[in-house]
Amino acid sequence: AKRAKVLPKDKSLAFCYDMLNRVSRSFAVVIQRLPTELRDAVCLFYLVLRALDTVEDDMAVPVATKVPLLRVFHEKIYDRSWKMSCGYGPYVDLMQQYSLVTDAFLRLKPMYQKVIADITRRMGEGMAEFIEKEVISVKDYDLYCHYVAGLVGIGLSQLFASSQLESEEFADMEFLANHMGLFLQKTNIIRDYLEDINEEPAPRMFWPKEVWGRYTRKLDSFKAPENSAAALGCLNELVTDALCHAPHSLAYMAKLRDQDVFRFCAIPQVMAIGTLALCYNNHRVFTGVVKMRRGETAKYVQQLGSMADLYEAFDHFAGSLAAQ
Ligand code: PS7
Ligand code: MN
Ligand code: MN
Ligand code: MN
Ligand code: MN
Ligand code: MN
């Protein structure tokens, strides 16, 4: 059954949904379709982690400030006076008006607050670890992705179980939930090669050296057209690695029983495999922004209501990837 969108009455929650719509067009749609109680918890979870990521991403914040802040961020989310000037675009407002997020967070049931704070603590700790260290091995790559996305999957699963929309077993489904996050995050890292390496004032590099080191001596050499064969070889190896998470993600989603929770989980996964198919063997990853057009996904996203629909979507995009 469809649930109508209801505009929140109080000011802080209205700010939160407005902010969600400004920072994530894709998540905003699926989050707003969740049942009320879970919807507010997931919206706040999103904004808290988005604020943490704004600190992580702002290369103008000195490392000596950033590392300790990432580690204590889980305490700031209870502090009504906390705010910060950092980030760019809509994130500046998110950080400046952060007290409205705090107000809405403190109105959530304590069981939801606890899940969000625990994941924020573990993610901040992991982000801090990787500020000072590079992603060298594939093991590092999986660990970084666990911190910034696998933990999100684990936390969301706990929220699903707490809300009783999904079974108790979701509270302990860490293995499959982690793969759900890794599938999304590796797709983001692959697609964002150019955006991340061109970051000012300092480049960001999340592609594991253990893989790219077999193709080049410097990761930024992939930008040069004369290195396109090596660049594509490396890209294709990373896409293939990301695809290893897909079977576990499908196994996770097969256990969901609520229709809106299912769509919330499944739509981003379909977008991810679609993005991987688009990136595979595609030199445009190294020269610009690779994004799926609405028309390419609409057919598979609009009617996504069952595992049969999900298998059909995965089959379609896996087939198009194999044909590149
Ligand atoms: C559904 C079991 C609470 C919905 C959804 C903000 C997006 C920002 O965007 O490269 O290129 O700047 O800096 C598992 C989302 C994983 C996380 C990670 C699915 C919170 C989302 C903070 C689990 C999302 C993975 C991207 C860290 O790095 O980003 C189920 C909800 C999910 C946020 C995402 C995001 C990292 C990230 P960008 P970055
Ligand atoms: Mn980011
Ligand atoms: Mn980040
Ligand atoms: Mn990114
Ligand atoms: Mn990005
Ligand atoms: Mn980024």
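Throughout, read-outs are computed from the coordinates displayed, never taken from laboratory work. Please read all numbers here as calculations on a predicted model, not as lab measurements. Note: ideal-geometry Cβ built from the backbone for every residue, glycine included; neighbour counts use all protein chains shown.
Of the residues M123, L176, L108, the one whose Cα sits farthest toward the positive end of the charge dipole of the stretch 40-180, with +1 on the Cβ of Lys and Arg and -1 on the Cβ of Asp and Glu, is L108. Counted by neighbouring Cβ atoms within 10 Å, the residues Y300, Y193 run from fewest to most as Y300, Y193. Listing T297, T54, T240 from fewest to most neighbouring C-beta atoms within 10 Å gives T240, T297, T54.
Taking other C-beta atoms within 10 Å as the exposure proxy, L182, L20, L304 rank L304, L20, L182 from fewest upward.
Spatially, the stretch 66-93 and the stretch 124-150 are offset by 20 Å when compared through their Cα centroids. Restricting the stretch 97-148 to trypsin sites (Lys or Arg not before Pro) that sit in a DSSP loop and have at most 14 other Cβ atoms within 10 Å of their own Cβ leaves R107, K133. Normalised by the number of residues in the chain, the average gap of Cα pairs under 8 Å and 6 or more apart makes the relative contact order 15 percent.
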